[in-house]
Amino acid sequence: MVTLILSLGMDTLMMSISLGFIKTTGKVRIALTFACAEAVMPLVGLLIGKGVGQLIGDWASLIGGIVLLCVAIWLIFFEDEDDEEEKLERNLVGWTLIITALSISLDELAVGFSIGLIGVPVVLTIILVALQAFLFTIIGLTFGSRLKRHLGEWAEKFAGIVIGLLGLWILVDAIAHLLHR
């Protein structure tokens, strides 16, 4: 159970570090949103059931990887670097926050498809997933904002690279699972 919970938290931690590079306010709000998304996704997966879960389980990770790669491409190549004042006041809110939270919680959807089958306590699993998401988000945002001082103007590009590598890793893993079916 500990291995499952910690492995699910790695993408949350990496995304949070990347978001910390960008001047983002509202750490607790972001952490609560990520925790809620990561707690709800296994429940959605559990409700959808085994048949649908086996059909779209690996596809959910594939979609999540593609979304993260798109965010990375935007941060690296299309982010407007001229408006420094706007960058300083950046705030992750609304649909942007929700889509970001859902994109990193798609692997929990796949976990939800199987938690009922493997006999893990569902309530305990959901609580632990939400707790790790909250803690990893706070740690990642804090670490990223402190590391930003050392990276200077390259912090946002570095965030894009980290998010891109995470998306690529999720994408390759999803493709490998699809090919080994």
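Bear in mind that the values in this text are calculations on the coordinates, not laboratory data. All figures in this text were calculated on a predicted structure; none of them were measured in a lab. Using ideal geometry, Cβ is built from the backbone for each residue, glycine included, and neighbour counts are taken over all protein chains shown.
Key figures for this structure:
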{"read-out": "Residue-span extension gain [LEU178 to LEU124] - 0.36 nm each, minus C-alpha spacing", "value": "16.5 nm"}
{"read-out": "Order by protection proxy (mean Cβ within 10 Å, highest first), peptides 121-129, 166-174, 32-40, 100-108", "value": "100-108, 32-40, 166-174, 121-129"}
